[in-house]
Every structure is written in structure tokens, then in C-alpha cells.
Amino acid sequence: MPLRYAMDRGMRYLLLGSALTSILIVFAIGLFTLREAGPAIQQIGLERLLTGAVWRPGQEQFGLLAMIAGSICVTIGAILLGVPFSLGGAVFLAEIAPPRVRALVRPAVELLAGIPSVVYGLFGMVVLVPLVQKIPVPYNTGYGLLSASIVLAVMILPTVTNIAEDAIRAVPREYKEGSLALGSTHWQTIVSVTLPAARSGIVAAIILGMGRALGETMAMIMVIGNSVIMPQPLDHNPLTIVLSQARTLTGNIAVEIAYATGVHESALFATGVVLFILIMLVNSLARLVIRRRTP
Amino acid sequence: MTDNPIPADVTTQAAVLPPRLAPFARPGEPAARTAQSSPRWVQQSNLARRHLTQRLAFAVLWLTGLAVVVVLLLVVGYVAVQGFQVLSPDFLLTPPAGGLSGEGGISTTIVTTLYLVLLTVGLATPLGVGAAVYLVEYAEGLAGQRGLLPYLVSSARFGVETLAGVPSIIFGLFGYALFVSALHFGFSLLSAGLAGACLILPVIIRTTEEALRAVPRSYREGSLALGTTQWQTVWGVVLPAALPGIITGVILSVGRVISETAVFYVTLGGSYQMPTSLLSGGRTMALHVYYLAMDTRAFEKAMATGTILILSIILINAVINFFSHRLTARLGS
């Protein structure tokens, strides 16, 4: 008798311990990245780190602005290209796809989510970059924001589609029935009842897609060109900004960490801190939107 | 319609409504209002127009659904068609030889990937399942209470949520700072395995939590009523019932590890030699794809390796579907 009570007690604490590892890891991540970023923040100064546009480790110049701009530009591009398809796909799957078609499209979305990011990067390098290169603009290498945005749009599609579909499915049946009973068509019901009712879930889906886009590393290195420049038009036509090369925050870390030492290494950890804060902001925004949905 | 008592004045209004709507026209309704402002054919075809809009919209939605499948087929098809030209048993069984054209096969990268999967899953599963069991089975009653324990529980929940949102390169940086540098594990399977375990921990916790929540309350009540302790109930009743869901989570994280690159890029070193101990570096298949594409431009070999990756993901998805069907079947009966 006492043995099994002792066992029960012991297991309770053991399980509590394993539950606490998650928060311990979060603490450890925060602690170690901040500790390693410390020297860079002290020597360079937070302001110059965040607002400096020049990144020349050889000359001790560490400005992250170009990378911040690169990350944000490519994320915006991915959202613009990917969200229409993702939302269309979500409405299609939740509202109008017959079960058989659904049974085909669902696994396709799942597989898109599972394909390793290097494979997307590889596809981008081999197929997309040569295609983009054909656009006749001087200094157009094919590597750049456009290729990266297209690759990233495909990569965030499963995230946005899944969450948005769940949100659309969660709309109470009565709402739709009420609308249909008033004589509106299925499409009118989708546009004026279902989608507005699922609005916060859809917004959350898009924001989480942004988080996913900001955090993507390897595929971005492979197609964005990695030049540390502020994204800018290649000639007098402002639209050619999409052909500009760029570098993301994530790429900055991955490309240089292997050979960085001293302040340079510390500046890369500072890059990680900036990225972490950016993603935390985006994710808590999503959490806020989701929480507001349930009164 | 003849037995419908339609007042005489309505018939004039019914004339401007589409025939199918005519019986529903209500007396005294100012139907003529729109008829004056818009041409007669628009008025007549209101329903037809709405149906036309719907048709167009649905056509666009069908095309989007189709586009998803086409994009998938395009990516997978292109990589696989190119890859199968290089793929052979020989390719799988010979080690990479390095060099500018990426000579050799991928045998060592397959072995490294398997080691890393075993290591990460072996480390993260007990911790993750334990955490989920505590959060669902023990901590559920603590909501809204004050004190140290509820505080710890809510911070643990916050930890899981945060970890799930952290981008993988940050796990890599963390692994590099703690395991590679501070603990002197170097670029090694051990460093990569520990960093990878942190990456998949939230995946395992979340899927296990979901699986545990799906176990009906009555199972627990029946067991507790027989006089068992809570741990006996968890071990003997709840965990077996949730097993398919837990396995799903584990397999899902196997997929995560196989396709992950960023974490291992900064913790595993990238040597293409066969790893001989926990402290030797290595190169996973996904990393190999990256090195082949970026350093050697051996795109065909990269695609062949990518094909193996895609095939393993397809296999993993099939197994997950199998287990989740079993879970619903079991709990449904």
C-alpha cells in the first residue's frame, strides 16, 4: 500500500519537473543569446546596431537595418502572393470542396507543409531563379526578393490555409443557415456571413504565416542572394525593387556564424535577439487576436 | 399557385420579378422602386446575376484548390523526375566523396540523419510526454487558484507556447552558444541532438496534450473508482488509450528533424564522414542538399537527395494518417 502512494507522489514531482523544462529552455535561450549579444550591444550601441545600414564585419561596422528591411520586405511579398491562395484554399476546403476532392487537396497541403525547406530552396534555385533572371532589367541576377517571396509564399501556404480553414469551420452552422434562409446564395453567405464571422481567426492565420516567414532560414539563403544592401530599385522603374537582392536576419546568422569571432560573433547573436523580438511581437499579436475572438 | 390568395395588384409587381420569385412577392412591397432606377433586364435577372457571381467565385475557388495541388505536383514532380535519374541503390550505399561535382552517394548522411532522429526523439519524447501528462492530468484543476504551483504551471504553458513560435535558427544559435561553445561538445551529434530536442519538444507536448484530452473522462473515473492512485490510472488507463495520438506526435517530430536544416547547420559541423561517436560531427540529408546546391552546384545529386527526403515525408504522413484514423476509430467505438 505505501509503495504505490510513494510512487504516485514521486511521479507527480517528476512530471512537474518535465513540465517545467519548457520554461527552463526558454529562459536558457534568452539568457545565452542575450549574454552572447551583450558585448556587441555594449560596444556598438543598440541605436547604431538597429539603425545602421552598413554591415562590414571586417571594418567593425555592424548595422542591421538592411537585414531588418530585407526580412520585412520578403515577408510582405510572401503575404501578398501567398495569402490570396491560402485563403482561397481555406474557403474551398471548408465550404465547397466535395469530400472526394477534399481527400485529394488536404494531403497535398499536408505534404506542402512537410517538404523540407532546403528542397523549396533547391527548387527556387533551379527553376525560379533562371525564370526571374529572364526579366530584362540590368543587374538582374534572378536571386532576390521576388524569387524569395514566391518560395516563401508556397512555404507559408499550409500554415495559413490550415488555421484559416479551422476558423471558417468554427463558424456556427446557424449563422449560415440564417443567411441561406433569407434567400442569399451560398457565395453571398460566404462573403457576408461566414468570412466576417471567422475574421479574427483568419487574421490570426495571416499573422502566424508572417511569423513563419520571418523565421525561415535556409530556403531564403538559397534564393535571396544574400547581399547586404537595402532593397532598392535596379533602375528608374520603382517596381524593379522586387528584383533587388537582399539578406534576411535569419540568413545573416546562418551565413556568417561558422567563421565569426569576437564582436562579429556577438553581433550575430544580437541579430538573433532582434529576430526573436520581432517574432515574439508578431506571435503575441496573433495570440491577442485569437483571444479577442472568444468573449 | 392558383389556390394562393394573391391580391390582384401584386400580379403587376410579379411581372418584374423573376418567375421563380413571383409567388413570394408580398402585397404592398415597393418592388417598382428598383425597377425605376435600373434597367428592366437587371431587375429581372437579379437571381440569375447572383447565381452568375456565385459561379464565377466558385470557379476561382476551384482554381485555387487546384493551384495548391498543381504547385505541389510541380515542386515534387520536378525534383523527383530529376532526382530519379541519379537515384540508384549505389547512390544510397556509397559515402559522399566531396569534391566540386559532389561525387559519391549519400550513405553517411542517411546514417547521420537516423542517429540524429533517434537522439532527438529519444531525448524529447520522455520529457514531452511527461510534461503533457502533468499539464493535462495533474494541472487542469489548478486553473484560477493562487500560489506557487499554479504559477509554475502557467509559466510552463507559456514556455510551450513560446518555444513553439521560436524560429529554428534561434535554437541553432542557442545550441551553438550552450552546447558547442560553453559545454565544449563541439560541432557534434550531441550538440545537434540536444538543440534538435529543444526544437521538437513543443511539438510532442502539444500533440500528446491533444491525445490525452481526447481520452474520455469516464475512463479515468472508472479506474479511480477501483481505488487506484492517480499515477496508476495515468499509466494503466490514460496513456494506453492515448498511445496512437502520442505516436502521431513522435512521428511528426521525426519528420521535423529529417527536414530541419537551420539548427543543424550551426551545430552539426557538416563533415560528410561517417560519425563514430556522439562527439563527432556530421551531415544530415537535408544539410547535404544544401551543401550540394550552394557549394558544389551538383544540382542533380541534390535533387536525388531531395527525392529521398520527400519520399520519407510522404511515408511519415501516411503513417500519421494511419494512426490518427486508428485513434478516432478507437475512441469513437
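Counting Cβ atoms of other protein chains within 10 Å of each Cβ in B:55-66 and taking the mean gives 6. Along its first, second and third principal axes, ordered by size, the protein assembly as shown spans 95, 82, 55 Å in Cα coordinates. Going through the DSSP H helices of chain A, which span 15 Å or more along their own axis at the Cα atoms while scoring at least -0.5 as a mean Kyte-Doolittle hydropathy? Helices passing the filter in chain A: A:2-44, A:65-91, A:99-114, A:145-169, A:199-215, A:262-293.
Centroid-to-centroid, using Cα positions, region A:1-39 and region B:112-144 are 11 Å apart. Taking the charge dipole of region A:1-135 about its Cα centre, with +1 at Lys and Arg Cβ atoms and -1 at Asp and Glu Cβ atoms, the residue from A:18, A:40, A:87 reaching farthest to the positive side is A:18. About its Cα centre, region A:9-149 has a charge dipole of approximately 400 debye under the convention of +1 per Lys or Arg Cβ and -1 per Asp or Glu Cβ, with nothing else charged.
Quotient of the Cα radius of gyration of chain A and 2.2 N^0.38 Å, N being its number of residues: 1.22.
The charge dipole of region B:198-333, taken about its Cα centre with unit charges on the Cβ of Lys, Arg, Asp and Glu (plus for the first two, minus for the last two), comes to roughly 200 debye. Roughly what percent of Cα-Cα pairs across region A:26-128 reach past 18 Å? When every Cα pair of region A:26-128 is considered, 71 percent fall beyond 18 Å. Region B:298-323 and region A:102-179 have their alpha-carbon centroids 18 Å apart. For region A:102-228, the spread of Cα coordinates along the three principal axes comes to 58, 30, 29 Å, biggest extent given first.
The mean sequence distance of close C-alpha pairs (under 8 Å, at least 6 residues apart), as a share of the length of chain A, puts its relative contact order at 26 percent.
Please list, short to long, the whole-number percent of alpha-carbon pairs of region A:168-295 in consecutive 10 angstrom bins beginning at zero. With 10 Å bins starting at 0, P(r) equals 11, 25, 23, 20, 14, 6, 1. Using only the C-alpha atoms, the convex hull of region B:226-320 corresponds to 129 Å³ per residue. With viscosity 0.890 mPa s and temperature 25 °C, the Kirkwood radius over alpha carbon pairs of region B:95-222 converts through Stokes-Einstein to a diffusion coefficient of 143 µm²/s. Length, then width, then depth: along the principal axes, the Cα atoms of region B:270-333 run 55, 31, 13 Å. The calculated P(r) of region B:52-135, using every Cα pair and 10 Å bins from 0, goes 14, 20, 20, 22, 18, 7, 0 in percent.
Binning the alpha carbon pair distances of region B:152-265 at 10 angstrom intervals from zero yields the distribution 14, 32, 29, 17, 8, 1, expressed in whole percent.
All distinct Cα pairs of region A:71-120 go into the 1/r average, and the inverse of that average, the Kirkwood radius, is 12.4 Å.
No value in this document is a laboratory result; all are computed from the given coordinates. This one's a predicted model, so the numbers in the text were calculated from it and none came from an experiment. Neighbour counts are summed over all protein chains in view; Cβ atoms, including those assigned to glycine, are modelled from backbone coordinates with ideal geometry.
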